[in-house]
Amino acid sequence: MGCGRVGAKLATDLDFEGHSVSVVDQDAVSFARLPNSFAGNTVRGVGFDRDTLIRAGIERAVAFAAVSSGDNSNIIAARVARETFGVENVVARIYDPRRAEIYQRLGIPTVATVAWTAAETLHRMLPERVREEWRDASGTIALGEFAVDPGWIGHSYARLAVAADVTISVVNRFGGGVRPHPDLIVQEDDRVHVMYDVARVEEIESLLAAPPGEGS
């Protein structure tokens, strides 16, 4: 929802990667920001209107991003996508940082600023990805942000670190960072930042994207 600078870039990036994309905006002129190569759908209408969302294909969506210029519109649309249509991966752009934590507690991840927003939104819409944040000069060790399977909720991060053979640097929770300690427990919507061997990135992604096994 929203075809401003962020929405247009996000839609273009997703389309380029081969995803099916629909863009919703009240102003049809906004769609001119999309390149001629854009193969997705454009839908004129209010982004939190049920009929508009249905025309955009919300019932088949696996992800929804509300990135219009209005905080209220974005959070309403995000909640409709998640609570009415059951979209699993939802994110809202919020300009007011004081409200961001409130929305995080409602289960709606929030992001802000233009260039950073497009990258962060894409990452949250496709949470199975690892986002590499740093790599050493040799190219063998990296710091990255990973998603964790819901099956780990209630288990300790110490157990997770041993199972995946990684070093946990920080846990992102409700928009803030939590330093790891022996008793830190995995909670819903956590994002974990870990140090890992680059050669093992696919193995680590698979381990963290699955619930803990009996031997973990």
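The values are calculated or read from the model by the stated rules, or taken from the named source; none is laboratory data. This structure is a prediction, so every number in the text was calculated from the model and none was measured. Ideal geometry is used to build each Cβ from the backbone, glycine not excepted, and the neighbour counts take in all protein chains shown.
If only one of 209, 164 is in contact with a helix residue (DSSP H, G or I) (Cβ under 6 Å, 6 or more places away or on another chain) and surrounded by 15 or more Cβ atoms within 10 Å (Cβ to Cβ), which one is it? Quick ask: steps written out before the conclusion?
Working: 209 fails: in contact with a helix residue (DSSP H, G or I) (Cβ under 6 Å, 6 or more places away or on another chain).
Criteria check complete, one pass: 164.
Here is a check on your reading of the model: is residue 119 surrounded by fewer than 18 Cβ atoms within 10 Å (Cβ to Cβ), in the same structural domain as residue 93 (by TED's automatic domain parsing) and either at pLDDT below 85 or under 20 Å from residue 103 (Cβ atoms) (or both)? So residue 119 fits the description; yes.
Among residues of the range 1-35 being among the small types (Gly, Ala, Ser) and assigned to a helix (DSSP H, G or I), the one that is nearest to residue 61 (Cα to Cα) is 11. When we screen 56, 92 for residues that are farther than 14 Å from residue 23 by Cα and touching a Ser or Thr at 6+ places or on another chain (Cβ under 6 Å), the only hit is 92. Which of the residues spanning the range 48-102 are in contact with a helix residue (DSSP H, G or I) (Cβ under 8 Å, 6 or more places away or on another chain), in a loop (DSSP other than H, G, I, E, B) and closer than 16 Å to residue 25 by Cα? 48, 67, 68 - these are the residues of the range 48-102 that are in contact with a helix residue (DSSP H, G or I) (Cβ under 8 Å, 6 or more places away or on another chain), in a loop (DSSP other than H, G, I, E, B) and closer than 16 Å to residue 25 by Cα. Taking the listed residues 124, 129, the one that is at pLDDT below 80, out of contact with any Cys (no Cβ under 7 Å at 6 or more places or on another chain) and part of a helix (DSSP H, G or I) is 124, with no other qualifying.
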